[in-house]
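**Q** My structure is below; once you've seen it, I'll send some questions.
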Amino acid sequence: MKILVTGGIGYIGSHTVCELLDNDYEVVIVDNLCNSKKDVVNKIEEITKKQVKFYEGDVCDKKILEKIFKENKIEAVIHFASLKAVGESVEKPLLYYRNNLDATMSLLEVMNKYNCKKIVFSSSATVYGKPKTLPIKEDFVLMTTNPYGTTKLVIENILKDLYISDNEWSIAVLRYFNPIGAHKSGLIGENPNGIPNNLMPYIIKVATKELPYLNIFGDDYDTKDGTGVRDYIHVVDLAKGHLCAIKKILEEKGIDYYNLGTGHGYSVLELVKTFEKVNNVKINYKIVNRRPGDIDACYADCTYAFLKLGFKASKGIEDMCIDSYNFIKKQNNLK
Ligand code: NAD
Ligand code: WQD
């Protein structure tokens with residue numbers, strides 16, 4: 001069974017490819033390296049002791065997609081390829097709309113042409129905007145607050161319209177909450193260049209002393225300790241969720257939507273304190289103003305993914321903190 005994984009050497013993609021290979025799927029990856037390094041292909045092969053076929057190319061480019069579909073019998077696609085930085089999307093909306101929408105349109109058109117009608121799409125909890133109640137269920141009202149989020153919502157609508165027009169499609173839309181952590185080997189993980197936008201990559205740079213302290217964006221939210229609350233999910237659990245989704249779309253036609261989180265909300269301070277404790281390292285921080293656009297709390301109701309996909313996250317925030325730090329220590333040759 002051959003699966004095409006777009007954006008397959010990125011953070012979530014690389015972990016998912018490892019899970020696919022460990023479960024005897026054959027994997028073809030296409031990635032243009034705009035936010036990843038080619039060396040990840042070798043790391044994936046080192047971890048899994050299996051081969052993966054890699055095409056360097058842009059998913060917006062139908063020629064490369066045609067080549068892939070001609071050269072491989074692709075049964076299903078997992079579509080990760082996307083730009084994902086919320087702040088950058090506000091500054092460069094055209095870049096985000098062009099890349100994220102064009103890539104998806106080219107992919108869907110080529111899939112249609114080659115009669116491959118099974119897709120798992122990476123959406124995001126960002127499509128829930130500022131939820132009125134918690135935990136968040138899949139049938140909540142959808143609204144977005146930034147161009148990145150809007151690309152996800154537009155793609156969800158495109159997929160819905162596609163299914164309405166042709167019931168042969170099988171589509172799983174996965175709405176991820178906050179993935180952190182890394183593979184236990186320490187060979188793959190997340191290490192963005194420059195100043196990170198997201199919390200865990202920032203904590204890590206403070207732990208390795210690349211940055212002097214963490215800015216905590218607000219301690220006056222209506223939460224347990226005033227700092228923002230999120231549903232952090234270990235990236236390996238998230239990757240396993242994709243296997244559940246692949247099994248589902250291979251079995252059944254239709255379109256469906258699933259929250260992938262743990263169902264537990266942790267505050268920024270809880271994450272920082274846990275990171276300090278399990279890794280025996282000090283994380284200096286300052287409380288600063290709220291970050292524009294942030295919400296106070298966000299966590300998933302995971303019942304539907306459990307009932308329909310049999311998916312349940314198993315790793316806690318201790319594991320997430322240990323594995324995130326382990327990856328970076330290995331990257332930086334630290335003890
Ligand atoms: P990532 O940036 O690490 O991985 C995305 C990969 O896609 C990168 O390797 C990049 O080079 C590639 N890519 C981007 N545009 C491309 C294009 N046009 N053609 C070919 N390759 C392209 O991001 P990630 O964290 O692994 O996220 C994967 C998916 O999950 C994305 O769709 C993202 O929007 C979504 N998502 C991520 C998070 C998160 O917090 N990481 C949360 C919710 C949803
Ligand atoms: C988590 C918490 C911050 C950084 C974003 C996207 C979302 C999804 C996941 C792709 C919040 C606080 C953060 C820092 C801090 N991505 N924080 N200091 O904002 O929940 O979600 O990534 O789909 O769409 O919006 O994640 O990691 O940025 O923030 O205090 O330096 O940490 O205020 O409470 P967020 P995050």
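What follows is calculated from the coordinates using simple rules that are stated; it is not laboratory data. As the structure is a prediction and not an experimental result, all values here were calculated from the model. No Cβ is skipped: glycine too gets one built from the backbone with ideal geometry, and neighbour counts run over all protein chains shown.
**Q** Positive end of the charge dipole of the stretch 73-212 (Lys, Arg +1 and Asp, Glu -1 on Cβ, about the Cα centre): tell me which of Pro212, Asn112, Pro147 has its Cα farthest that way.
**A** It is Pro212, whose Cα lies furthest towards the positive end.
**Q** What does the charge count around Met111 come to, taking other residues whose C-beta lies under 10 Å from its C-beta (Lys +1, Arg +1, Asp -1, Glu -1)? Please report the intermediate quantities before stating the final value.
**A** Working: positive: Lys113, Lys117, Lys118; negative: Glu109.
With Lys, Arg at +1 and Asp, Glu at -1, the net is +2.
**Q** Excluding Val236 itself, what net charge comes from residues whose Cβ is under 12 Å from its Cβ, given Lys and Arg +1 and Asp and Glu -1?
**A** Working: positive: Lys184, Lys240, Lys315; negative: Glu19, Asp22, Asp237, Asp319, Asp323.
In short, -2.
**Q** Considering only DSSP beta bridges where both residues belong to the chain, give the percentage that are antiparallel (nearest 5). List each step's numbers first, then the result.
**A** Numbers: 2 of 42 bridges.
Counting DSSP beta bridges with both partners in the chain, the antiparallel share is about 5 percent.
**Q** 5 Å is the cut-off here: which amide hydrogens, built 1.01 Å from N in the peptide plane, fall below it relative to Ser124, excluding neighbours closer than 5 in sequence?
**A** Under 5 Å from the amide H of Ser124: Tyr176.
**Q** Ranked highest first by average number of other Cβ atoms within 10 Å, how do 186-193, 288-295 line up? All intermediate terms of the calculation are to be shown ahead of the outcome.
**A** Values: 186-193: 18.4, 288-295: 12.8.
Per-residue mean Cβ counts within 10 Å order the peptides as 186-193, 288-295.
**Q** For a Förster distance of 30 Å, can you work out the FRET efficiency between the beta-carbons of Asn167 and Lys53, rounded to the nearest 0.05? Kindly include the intermediate steps, with their values, before the conclusion.
**A** Numbers: r = 31 Å, r/R0 = 1.03.
Taking R0 as 30 Å, the efficiency between Asn167 and Lys53 is 0.45.
**Q** Are there trypsin sites (Lys or Arg not before Pro) in the stretch 106-178 that DSSP puts in a loop and that have at most 12 other Cβ atoms within 10 Å, and which ones?
**A** Details: sites: Lys113, Lys117, Lys118, Lys132, Lys137, Lys152, Lys160, Arg175; in loops: Lys117, Lys132, Lys137.
Those satisfying the criteria are Lys132.
**Q** Separate question: Which three extents, in whole angstrom, do the alpha-carbon atoms of the stretch 191-335 cover along their principal axes, largest first?
**A** Largest first, the stretch 191-335 extends 51, 39, 26 Å along its Cα principal axes.
**Q** Treat every Asp and Glu Cβ in the chain as -1 and every Lys and Arg Cβ as +1, leave all other atoms uncharged, and give the resulting dipole magnitude about the Cα centre to the nearest 20 debye. Let's see the in-between values first.
**A** On the way: 45 positive and 43 negative charges, 112 e Å.
Roughly 540 debye, rounded to the nearest 20.
**Q** Right, another one. Can you find, among Tyr202, Val268, Leu238, the residue farthest towards the positive end of the dipole of the stretch 202-281? Put +1 on the C-beta of Lys and Arg, -1 on that of Asp and Glu.
**A** Of the candidates, Leu238 comes out farthest on the positive side.
**Q** Taking every alpha carbon pair in the stretch 91-168, what does the distance histogram look like in 5 angstrom bins from 0, in percent?
**A** Over the stretch 91-168, the share of Cα pairs per 5 Å bin runs 3, 14, 22, 22, 17, 13, 7, 2, 0 percent.
**Q** If you don't mind, there's one more thing I want to ask. May I ask which residue of Val40, Ser123, Ser89 lies farthest towards the positive end of the charge dipole of the chain, with charges of +1 (Lys, Arg) and -1 (Asp, Glu) on Cβ and the Cα centre as origin?
**A** Looking along the dipole axis, the top candidate is Val40.
**Q** Additional query: Along its principal axes, what span do the Cα atoms of the stretch 3-91 show, with the longest given first and each in whole Å?
**A** Each principal axis gives a Cα extent; for the stretch 3-91 these are 41, 28, 20 Å.
**Q** Arranged from highest to lowest average of other beta-carbon atoms within 10 Å per residue, in what order do the peptides 11-17, 144-150, 310-316 appear?
**A** Values: 11-17: 27.4, 144-150: 19.7, 310-316: 16.3.
Highest mean packing first, the order is 11-17, 144-150, 310-316.
**Q** Could I ask something else about it? From Cα coordinates alone, what are the radius of gyration and Dmax values for the chain in angstrom?
**A** Cα-based Rg and Dmax for the chain come out at 19.2, 56 Å.
**Q** Provide the net charge surrounding Asp219, with neighbours chosen by a C-beta distance below 13 Å and charges set as Lys +1, Arg +1, Asp -1, Glu -1. Spell out each step's value before the answer.
**A** Numbers: positive: Lys224, Lys286, Arg290, Arg291; negative: Asp220, Asp222, Asp225, Glu270, Asp294, Asp296.
Every neighbour counted, the sum reads -2.
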